[in-house]
Amino acid sequence: MPTVRDIVSVLDAWAPPGSAADFDRVGLQVGAPDAEVSRVLVALDLTPAVVDEAAAGGAELVVTHHPLLFKPLGRVTEGDAVGGLAWRLVRAGVSYYALHTNLDAAWGGVSFALAETLGVEDPEVLAPLDGVMRKVVVFAPTDAADAVRAALDAGGAGAIGAYSGASFSTGGVGRFTPGPDARPAIGTAGGAEEAVNEVRIEAVVPSWGVGRVLKAVTAAHPYEEPAVDVFEVQTPATRHGYGVVGRLPAPEPLPAFLARVAERLGAGALRYVGDDAATVERVAVCGGSGLSFLGAALASGADAYVTADVTYHRWFEALGPNGAPRIALVDAGHYETEAMTEGLVARHLRAALPALDVATTRHRTSPMKTFVG
């Protein structure tokens, strides 16, 4: 059977913890990494009902999107709303893992699942992460260049958009003098200066992947101390970011689009700003609280933006100087725009670990109800 650590590795590779927002708390929050797991329960939130379902169903691990332990705990007692759930997990022998904004920012993550649910095609990242890309530059002897490029690729460097293994190489001459304690691949310890035909190889990688890339390159490189540089670059992270923008199969009137959103998300009611006579074809979405990316939705040329948690005064940001809507801004509910994450995570785990029994919770974890007067 896989262990908690094995499952965490699968999820971390998909949604790297380093890509999570600075304020977030993700990863393994309760449990033993080496505990064996035969069954996983996936939910959007950790609630008492989910803990009971996991314990009764024999799940050794619960995975949720929203973290339980978001702020420092003052106590872990039965009567505490948050600490009490952690206590119940420990008593039941159930480990607990959360992947939150790192899954929001992952390619194929939350907003991709929302876009698919709404029938939005040709998805692209709406708001790429800024300032996270690095360029790794490695110098290697010519006859080892292919092995070093393969190590860069295996470590995760060189992924640009839909392409992998992207790198650039230039030739030159490297010089060094081995010291008496050196173990050189070329030349002898304490010997004369060496001149070697080398290749400069460079590739981009997200900041959270630099350590893995350096480890892979060091293992593949023939030199005792490879020459490696890491630079910050302004290249957008095309495969990491928040929200998705795409298009509908065919244009449709705004009222029909609203009906599509309500029906496909199971939303009891929608709040929106928009011109009811407008047509919707290009659509931006962001699961959960995505209002901070309204500017990106406007810049993308989207006719509509579906997200959640829009507060009253922020609705005015969807209006132009004359008061007319610049975009159809739709608040479909936080739970409703992220509930499909349960199935998304479950499918990913089943594909990566076919022998693992993965279930989604039977419970609607949102405490909110809708009353339509």
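The values are calculated or read from the model by the stated rules, or taken from the named source; none is laboratory data. It should be emphasised that the depicted structure is a prediction, and the values quoted were computed from it without experimental measurement. Positions of Cβ are generated from backbone atoms using ideal geometry, with glycine treated the same way; all protein chains shown enter the neighbour counts. What goes into the accessible areas is simple: the full protein's heavy atoms, side chains included, and nothing from ligands, DNA or RNA. Shrake-Rupley method; radii C 1.70, N 1.55, O 1.52, S 1.80 Å.
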If you roll a 1.4 angstrom probe over the protein chains with everything in place, what fraction of the accessible area of the range 85-129 belongs to carbon and sulfur, to the nearest %? 52
Which FRET efficiency value, to the nearest 0.05, is calculated for Val82 and Ala259 with the Förster distance at 35 angstrom and r the Cβ-Cβ distance? 0.35
Using packing as a proxy for protection, rank 171-184, 214-227, 123-136 so that the peptide with the highest average count of other Cβ atoms within 10 Å comes first. 123-136, 214-227, 171-184
Just to be sure I understand the model, the point goes 7 Å from the Cα along the line to the Cβ. What's the resulting Asp309 to Ala359 distance in nm? 3.0
Using the alpha-carbon centroid of each, what span in Å lies between the range 227-278 and the range 309-332? 15
If you line up the long axis of helix 48-57 against the longest principal axis of the chain, both from Cα atoms, how many degrees apart are they, to the nearest 10? 70
Rank Val110, Val306, Val230 by mean-square fluctuation in a GNM of the chain with C-alpha springs under 10 angstrom and give only the top-ranked residue. Val230
Using θ = phi - 60° and the Karplus curve 6.51 cos²θ - 1.76 cosθ + 1.60, what whole-Hz ³J(HN,Hα) does each residue of the range 172-182 get, with Gly and Pro shown as x? x, 10, x, 10, 7, 10, x, x, x, 9, 6
Which of Ala86, Phe139, Gly108 sits closest to the plus end of the dipole of the range 1-149, meaning its Cα is farthest towards the positive end, when Lys and Arg get +1 and Asp and Glu get -1 on the C-beta? Ala86
Gain in span if fully extended, Thr235 to Leu73, counting 0.36 nm per residue against the direct Cα distance: 54.5 nm
About the Cα centre of the range 254-352, what is the dipole size in debye to 20, counting +1 per Lys and Arg Cβ and -1 per Asp and Glu Cβ, all else neutral? 220
Label point at Arg347 placed 7 Å out along Cα→Cβ; residues across the range 260-302 whose backbone nitrogen lies under 17 Å: 264-266, 287
Can you give the accessible area per residue of the range 74-205, in Å², using a 1.4 Å probe? 47
Amide H contacts under 5 Å for Arg271, restricted to residues at least 5 apart in sequence or on another chain and with H modeled in the peptide plane, are Asp331
Toy charge model, Lys and Arg Cβ at +1, Asp and Glu Cβ at -1: the range 23-154 dipole around Cα centroid in debye, rounded to 20, equals 560
Tell me the mean residue ellipticity at 222 nm calculated for the chain from its helices only (DSSP H runs of n ≥ 4, each -39500 (n - 2.57), averaged over every residue, nearest 500). -7500 deg cm²/dmol
What do you get for the angle between helix 210-220 and the principal long axis of the chain? Use alpha-carbon atoms, 0 to 90 degrees, nearest ten. 30
Using Cα springs under 10 Å in a Gaussian network model of the chain, which residue among Gly211, Gly119, Gly246 shows the largest mean-square fluctuation? Gly211
For Glu194, enumerate residues with amide H under 5 Å from its amide H, sequence gap 5+ or separate chain, H modeled in the peptide plane. Phe176, Thr177
Could you provide, to the nearest whole Å², the per residue accessible area of the range 319-373 with probe 1.4 Å? 55
Between Ser169 and Ala185, what is the spin-label point distance in nm, taking each point 7 Å from the Cα along the Cα→C-beta axis? 1.3
Divide the volume of the convex hull of the Cα atoms of the chain by its number of residues and quote the answer in cubic angstrom per residue. 187
FRET E, pair Val90, Phe176, Förster distance 56 Å, beta-carbon r, rounded to 0.05: 0.55
Peptides ranked, highest mean first, by Cβ atoms within 10 Å: ranges 260-272, 143-155: 143-155, 260-272
Taking the Cα centre of the range 192-275 as origin, sum charge times position over the Cβ atoms of Lys and Arg (+1) and Asp and Glu (-1), and report the length of that vector in debye to the nearest 20. 880
Peptides ranked, highest mean first, by Cβ atoms within 10 Å: ranges 61-70, 8-17: 61-70, 8-17
Expressed as a whole percentage, what fraction of the accessible surface of the range 180-282 belongs to carbon and sulfur atoms when a 1.4 Å probe is rolled over the protein heavy atoms? 50
